[in-house]
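> Handing you a structure now.
The values are calculated or read from the model by the stated rules, or taken from the named source; none is laboratory data. Keep in mind that this is a model prediction, so the values were computed, not measured. Here the Cβ positions follow ideal geometry from the backbone for every residue, glycine too, while neighbour counts run over all protein chains shown. What goes into the accessible areas is simple: the full protein's heavy atoms, side chains included, and nothing from ligands, DNA or RNA. Shrake-Rupley method; radii C 1.70, N 1.55, O 1.52, S 1.80 Å.
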Amino acid sequence: MFFADKSEGLTYYVSDPMLKGQEFSFGDGFMSQNLPIIKDTGRSDDQGSGTSVITERKVQTRAPNLYRVLLHNDDYTPMEFVVMVLETFFNKERAVATEIMISVHSKGVGVCGVYPYEIAETKVALVMECARENEHPLQCTMERV
């Protein structure tokens with residue numbers, strides 16, 4: 001299986017036998033896969049018929065940015081509702097939820113958990129929606145760790 005890139009005059013050969021018989025194009029994201037690739041320049045030099053280089057793509061991954069989900073104290077939301085929110089949306093045991101609720105009440109803010117951005121954003125939205133449906137002014141926010 002080979003690929004021709006006419007702009008650079010390079011031909012790419014797939015050296016993975018598992019991909020035999022499959023067709024790819026550069027638009028399929030093939031080059032971003034972590035597969036060994038043989039690059040044949042097709043040029044001849046005095047010492048041989050052509051040059052070949054075996055390379056392997058290195059995929060660098062990094063941990064996602066994490067965000068703290070915070071509950072803020074107010075004078076109107078019942079403590080039992082805050083405990084219910086912590087149990088329901090953050091899967092906290094009653095004892096842990098009660099400790100966080102007391103922290104929110106005494107310090108003004110409490111950490112519900114630390115999550116990647118999308119999960120933190122979803123949890124904040126769910127808590128805020130639940131508070132509004134139950135006519136409580138509870139505030140839930142997120143901040144980058």
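> Counting only residues that are open to solvent by less than 70 Å² (accessible area, probe 1.4 Å), in a helix (DSSP H, G or I) and either over 13 Å from LEU71 (Cα atoms) or modelled with pLDDT under 95 (or both), how many does segment 88-97 have?
Within segment 88-97, residues that are open to solvent by less than 70 Å² (accessible area, probe 1.4 Å), in a helix (DSSP H, G or I) and either over 13 Å from LEU71 (Cα atoms) or modelled with pLDDT under 95 (or both) number 2.
> In addition: What do you reckon, is MET101 free of Cβ contacts under 8 Å to residues at least 40 places away in the same chain and loosely packed, with under 15 Cβ neighbours inside 10 Å?
no
> Return yes or no: is ALA125 part of a helix (DSSP H, G or I), over 29 Å from the mean Cα position of the chain (by Cα) and free of Cβ contacts under 8 Å to residues at least 60 places away in the same chain?
no
> May I pose another question? Sort out which residues of segment 117-135 are surrounded by 13 or more Cβ atoms within 10 Å (Cβ to Cβ), out of contact with any Leu (no Cβ under 9 Å at 6 or more places or on another chain), over 13 Å from LEU66 (Cα atoms) and not aliphatic (A, V, I, L, M), and write them in order of number.
Result: THR122, LYS123, ASN134.
> Further question on the same structure: Scan segment 136-145 residue by residue and report those that are within 15 Å of MET79 (Cα to Cα), open to solvent by less than 70 Å² (accessible area, probe 1.4 Å) and in contact with a His (Cβ under 9 Å, 6 or more places away or on another chain).
The answer is LEU138, CYS140.
> Something else about it: Within segment 54-71, take every residue that is closer than 25 Å to GLY110 by Cβ and of a type outside the set (D, E, K, R) and give me the one that is surrounded by the most Cβ atoms within 10 Å (Cβ to Cβ).
LEU71
> Then there is this: Return the only residue of VAL114, VAL83 being β-branched (Val, Ile, Thr), modelled with pLDDT of 75 or more and open to solvent by 40 Å² or more (accessible area, probe 1.4 Å).
Just one listed residue meets the conditions, VAL114.
> Next question, about the same structure. Given the structure, is VAL124 modelled with pLDDT of 95 or more and touching a Cys at 6+ places or on another chain (Cβ under 6 Å)?
Judged against the criteria, VAL124 is a match.
> Then there's this: So for segment 108-115 (the condition being of a type in the set (Phe, Trp, Tyr), touching a helix residue (DSSP H, G or I) at 6+ places or on another chain (Cβ under 7 Å), closer than 24 Å to PRO64 by Cβ and assigned to a strand (DSSP E or B)), does at least one residue qualify?
yes
> In this structure, does GLU121 turn out to be at positive phi and out of contact with any Gly (no Cβ under 9 Å at 6 or more places or on another chain)?
Here the answer is no, as GLU121 does not meet what is asked.
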